[in-house]
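Here the structure is laid out as structure tokens; the discussion comes afterwards.
The values are calculated or read from the model by the stated rules, or taken from the named source; none is laboratory data. Treat the numbers as computed from the prediction; the structure is a model and nothing was measured. Here the Cβ positions follow ideal geometry from the backbone for every residue, glycine too, while neighbour counts run over all protein chains shown. Quick note on the areas: whole protein, heavy atoms, side chains included, nothing else; ligands and nucleic acids left out. Shrake-Rupley method; radii C 1.70, N 1.55, O 1.52, S 1.80 Å.
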Amino acid sequence: MISFIAGGGAAEIGASFYVLRLGDTFIGVDCGFRPTAANHDPWNVEKIMPNFDVCPKLDYLFLTHGHLDHVGAAPCLLERFKNLRIFTTEPTKFIALAQWHETLKIAERDKTPPPFSGDSVHSIASKIRVLEVNSEKNFGEFSVTAIPAGHILGAVSLLFNYKGKRIFFSGDISFQDQELIKGAKHDFQVDYLISEATYAGKSRRDRREERDRFLGDVRQIINNRGRVLIPSFSIGRAQEIFEMLRKSDIAELAPIYIDGAARSMTDIHQVFLPHKINRHVNKHYVENVAHRLKIFEQKPCVVIASSGMLSGGASVGYARNWLGQEENAILFPGYIDPFSPGYAVLTTDHGDSVALPEKNRTIRAYIKRCRTDQYHLSAHADQSELLMMRETLNPQFTILVHGEPEDMEKMIAENALGSIFTPKNGEEIVLE
Ligand SMILES: [Zn+2]
Ligand SMILES: [Zn+2]
């Protein structure tokens with residue numbers, strides 16, 4: 001028997017937790033939080049967690065990459081299934097550990113009960129075994145090959161082989177080369193495809209054109225002696241944007257700073273990509289609160305700070321200080337959740353007020369006078385690339401996950417796709 005069920009991350013983006021049943025073996029792929037829910041109600045465990053009850057037991061967990069919506073809840077899963085064997089790539093192990101420690105830090109700062117204990121983080125750290133990429137690892141009843149997915153440092157797709165049947169989890173995948181990470185390439189076929197669908201129903205502008213538009217806008221603000229805040233995911237996007245700016249003339253025109261959790265994640269990038277990321281990058285880190293207060297007043301300057309959607313973290317402080325001045329800009333480099341404060345900042349009209357989170361978990365209104373814009377520099381396949389992947393891999397059946405239901409339905413209808421499922425969480429699909 002081969003079956004698939006999602007405990008989270010089907011018909012939604014967030015809380016990815018997929019269970020593949022191969023005979024009597026239950027294999028988990030990813031185990032993340034639902035960040036949207038966290039925007040409204042931080043650490044409301046019921047809302048942010050995937051449902052672990054979708055499997056009676058779990059033998060293995062494979063993590064595709066280190067984003068919170070894929071690894072955030074893994075320590076809780078280990079609390080539930082104590083004999084779990086856990087595998088991921090080495091960079092993802094480091095990124096995930098940093099994420100779990102950050103979660104504990106935020107819970108302590110906000111005086112909310114953490115979703116898992118420090119002991120759980122220690123125990124998961126000691127249990128993770130490293131997967132080498134492009135090398136088939138045999139587990140007896142099945143084998144798995146981790147194939148680079150192009151999305152962020154350490155990200156892989158997973159190709160399972162069970163009795164000659166090939167089951168492919170794309171994970172979050174990107175086919176276009178970025179500044180630091182090369183795009184994914186496939187030259188094989190599979191029987192079953194479990195595909196992400198973040199950009200189903202959407203086509204994206206050419207990445208190079210979008211990069212030029214972004215750099216042009218940053219340059220214009222700097223030339224007018226303004227400040228630019230780039231709220232960014234701490235992993236992947238922050239480092240890509242830094243390299244993009246560093247290689248451009250903007251590095252000569254204004255100081256570029258990195259703030260928030262993006263700093264420790266940049267350290268990890270330096271370890272694994274020493275020839276790609278600038279070795280003096282830590283000179284760009286905002287050192288402490290006093291340094292940050294100075295930068296609030298400095299102009300022109302560029303700050304890359306997490307979080308990416310202004311739901312918390314260092315970026316919110318810059319937004320509070322810079323939102324009200326005409327010469328400044330807040331430029332979002334990727335996807336923004338429609339329920340996030342970042343989305344409100346982007347869509348509020350000039351001169352109107354917009355609410356931002358305060359330190360004490362309240363919100364306060366600020367008048368928006370700065371410029372805002374959004375750029376599609378996301379590291380996800382767009383619809384045409386998703387269709388191309390399906391054509392290359394040529395599966396018998398496809399399961400779409402990690403997408404908005406209406407977008408997935410649109411992609412299926414517009415392209416008259418057959419043999420394709422869009423299950424809900426908890427809905428089991430028996431493949432054979
Ligand atoms: Zn991701
Ligand atoms: Zn994701």
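Label point of D337 set 7 angstrom out along Cα-Cβ; within segment 350-394, amide nitrogens under 17 Å from it belong to 355-358, 361-363. List residues of segment 65-89, by number, whose backbone nitrogen lies under 15 Å from a label position 7 Å along Cα→C-beta of V133. The answer is 65-67, 88-89. For the peptides 191-199, 142-150, 371-379, residues were scored by their other Cβ atoms within 10 Å and the scores averaged per peptide; the highest-first order is 191-199, 142-150, 371-379. Take every DSSP beta bridge whose two residues both sit in the chain; close to 45 percent of them are antiparallel. Once both labels are positioned 7 Å from their Cα atoms along Cα-to-Cβ, the gap between D212 and S3 label points is 5.3 nm.
So what is the accessible area of the chain per residue, in Å², with the probe set to 1.4 Å?
About 41 Å² of surface per residue is accessible.
Restriction of the trypsin sites (Lys or Arg not before Pro) in segment 381-429 to DSSP coil positions whose beta-carbon has at most 10 other beta-carbons within 10 angstrom yields K424.
Here the chain has 49 percent of its accessible surface on carbon and sulfur atoms, given a 1.4 Å probe and all protein chains in place. Taking a Cβ cut-off of under 14 Å around Q325, the surrounding Lys, Arg, Asp and Glu residues balance to a net charge of +4, with basic ones at +1 and acidic ones at -1. Using the Cβ-Cβ distance between D119 and T347 with R0 = 45 Å, the FRET efficiency computed as 1/(1 + (r/R0)^6) comes to roughly 0.60. In this view, the solvent-accessible surface of H380, computed with a 1.4 Å probe and all protein chains in place, comes to about 20 Å².
The angle between the Cα long axis of helix 237-246 and the main principal axis of the chain comes to about 50°, on a 0 to 90 degree scale. Between 0 and 90 degrees, the angle of helix 207-223 with respect to the longest Cα principal axis of the chain falls at about 20 degrees.
Is the shape of the chain rounded, prolate or oblate, going by the alpha carbon gyration tensor and its root eigenvalues a ≥ b ≥ c, with a/c under 1.5 for rounded and a/b larger than b/c for prolate? Since a/c reaches 1.5 and a/b is larger than b/c, the shape of the chain is classed as prolate.
Under 10 Å, Cα contacts only: if you run a Gaussian network model on the chain, which one of V289, V133, V190 comes out with the highest mean-square fluctuation? In the Gaussian network model the winner is V289. Applying both filters, DSSP loop and at most 11 other Cβ atoms within 10 Å, to the trypsin sites (Lys or Arg not before Pro) of segment 172-224 gives K185. Give the shape of segment 63-165 as rounded, prolate or oblate, defined through the alpha-carbon gyration tensor: a ≥ b ≥ c are the square roots of its eigenvalues, a/c under 1.5 means rounded, and otherwise the shape is prolate if a/b is larger than b/c and oblate if not. Prolate, because a/c is 1.5 or more and a/b exceeds b/c.
How long is the gain from K424 to N223 if the chain were fully straight, where each residue apart is worth 0.36 nm and the alpha carbon distance is subtracted?
67.4 nm
With both labels modelled 7 Å from their Cα along Cα-to-Cβ, the E287 to D110 distance reads 3.1 nm. The count of lysine pairs in segment 66-203 that are at least 8 places apart or cross chains, and whose C-alpha atoms lie under 19 Å apart, stands at 8. For trypsin sites (Lys or Arg not before Pro), the sites in segment 138-174 that DSSP calls loop and that have at most 13 other Cβ atoms within 10 Å are K163. With respect to the chain, whose longest principal axis is taken over its alpha-carbon atoms, helix 383-393 is tilted by about 30°. First measure r as the distance between the Cβ atoms of T362 and K165, then evaluate 1/(1 + (r/R0)^6) with R0 = 60 Å and state the FRET efficiency to the nearest 0.05. E between T362 and K165, to the nearest 0.05, is 0.65.
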